[in-house]
2 protein chains.
Amino acid sequence: MSLPHAILTALLEKPSSGLELTRRFDRSIGFFWSATHQQIYRELGRLETAGLIRALPQDGPVRGQKKEYDVLPAGRAELERWTARGDDPKAVREPLLLRLRAAAVVGTAGLDAELARHLALHRAQLADYREIERRDFPAADGAGGDRSGGGVADGDRLRHAVLRAGIGLETFWVEWLTETRATLPAEPS
Amino acid sequence: MSLPHAILTALLEKPSSGLELTRRFDRSIGFFWSATHQQIYRELGRLETAGLIRALPQDGPVRGQKKEYDVLPAGRAELERWTARGDDPKAVREPLLLRLRAAAVVGTAGLDAELARHLALHRAQLADYREIERRDFPAADGAGGDRSGGGVADGDRLRHAVLRAGIGLETFWVEWLTETRATLPAEPS
DNA sequence: AGGTACATGTAACATGTTACATGATTCC
DNA sequence: GGAATCATGTAACATGTTACATGTACCT
């Protein structure tokens, strides 16, 4: 039950059409909550029916025409309620780890290539995050030290914390994949 | 499409009944692939219909009686095929990060308590993993250095790599949560 | 007139979640 | 015989994925 809240957050940051939301779910928001355009359109319909958002009026034909949404007071209230509420961390579901465990039983053919591929992808994502950090948070020192300085808004601190989570996770994967490839036999089984 | 392969792996490690599998999905396997008993029974039915596993014959009543499964050659072949095949890393879906982003828009009430709660959970999980490592991999030095020593089997190395992934991820969360709480304003908004 | 990018959707299916139902076995 | 535990399942629903359908706007 998080997609509607992801959409509400995105629309509060900036009223958008379905396609614009889709683009943002491929970038900033998508870094921690992914969604396809089909999911987004379906959910926009539900949110509108539920009275949490509304489509800005348009004239002329509807199909194929851009349709902008913004958040109604009821939507903001729902998001506030959800944000304050707690939730346990989701159980992990990581196919790569499952593959390793399966390889421990049926053999490791092709495994190193797969690890190498993941390593490249995570390195690229990490570089991407670092570039965003350099661009959007140039003043901060990245390690969470800047509580003294006067001008940093709450929102920025939070957005930076989210980005640091992304950087930390990608850094972990890069390190783990590098280590794991080093301990694996050359091209076995 | 990973649950059937998780089950095949588990059954190859040791033939089991549905409930035994459920228990293992709450422990070792569940650390990287979670599943409820309803999912497991449904999938066992499908795998049996597909001819990948079979139920060991039993006499007398069926309902309420333990039913053991093991893997047929076709199931092992399917798992080998899947293991060798590649898959892109799953997109991240982490409600806690979404909450932070939402809090950046609607206010941070209750957020620190939620972070504290997650911190405690991740610390507990980390301690759990470390205990398992101490018990199951006492010889290894944890940092991936032992390529020289003679007796370590492939399977053990892979299982240890999986466990190190769990430890690394939990360590990351503990650090990130600690840092993030330190940078957040005391009890705001 | 054809191609490409923009833009919104439908339908079918696969997977995951929640609530409930049922029977067997063991211990008191 | 009642409660707890073991054990297998059904049903309804929510969410996510994949394939496809349709229309607009602009450029050549």
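Bear in mind that the values in this text are calculations on the coordinates, not laboratory data. Predicted model, so just to flag it, every value in this text is computed and none were measured. Positions of Cβ are generated from backbone atoms using ideal geometry, with glycine treated the same way; all protein chains shown enter the neighbour counts.
Assorted remarks:
- Annotation for B:Asp87, label-to-label distances across the other copies: 2.2 nm (shortest first, one decimal, point 7 Å from Cα along Cα→Cβ).
- Take every pair of alpha-carbon atoms less than 8 Å apart whose residues are at least six positions apart; their mean separation over the length of the range B:3-84 yields a relative contact order of 37 percent.
- Helix B:73-84 axis versus longest C-alpha principal axis of chain B: approximately 30°, rounded to the nearest ten.
- Rounded tilt (10° steps) of B:111-136 against the dominant C-alpha axis of chain B: 40 degrees
- For A:Asp26, the distances from its label point to the matching points in the remaining copies are 4.3 nm, ordered from shortest, with each point set 7 Å beyond Cα toward Cβ.
- Here each label is just a point 7 Å from Cα along the line to Cβ, and for B:Ala127 and A:Thr178 those points are 3.2 nm apart.
- Across peptide B:155-167, the mean count of Cβ atoms from other chains lying within 10 Å of each residue's own Cβ comes to 6.
- Computed from point charges on the beta carbon alone (+1 for Lys and Arg, -1 for Asp and Glu), the dipole magnitude for the protein assembly as shown about its Cα centre is near 800 Debye.
- Computed about its Cα centre, the charge dipole of the range B:95-183 is approximately 200 debye, with only Lys, Arg, Asp and Glu carrying charge at their Cβ.
- Inter-label distance, nm, simple model (7 Å from Cα along the C-beta direction), B:Glu68/A:Asp88: 3.1 nm
- 0 to 90° range, to nearest 10: angle between helix B:37-49 axis and chain B longest Cα axis: 30 degrees
- Our compactness index for chain A, the C-alpha radius of gyration over the empirical 2.2 N^0.38 Å, is 1.31.
- Between this copy and the others, label points of A:Ala127 are 4.2 nm apart in ascending order, each placed 7 angstrom from Cα in the Cβ direction.
- With helices as the sole contributors, chain A gives -19500 deg cm²/dmol at 222 nm; each DSSP H run of n ≥ 4 counts as -39500 (n - 2.57), and the sum is divided by every residue.
- Rotational relation A to B, axis-closest Cβ in chain A, residue and distance rounded to whole Å: A:Phe172, 2
- Dipole magnitude for the range A:1-81: computed about the Cα centre from +1 point charges on Lys and Arg Cβ and -1 point charges on Asp and Glu Cβ, it is near 140 debye.
- Bridgeable lysines around A:Lys90 (alpha carbons under 24 Å apart, same-chain partners fewer than 8 residues away excluded): B:Lys90.
- Percentage relative contact order, chain A, counting C-alpha pairs under 8 Å, at least six apart: 20 percent
- Nearby lysines by direct alpha-carbon distance to A:Lys66 (threshold 23 angstrom, same-chain neighbours under 8 apart not counted): A:Lys14
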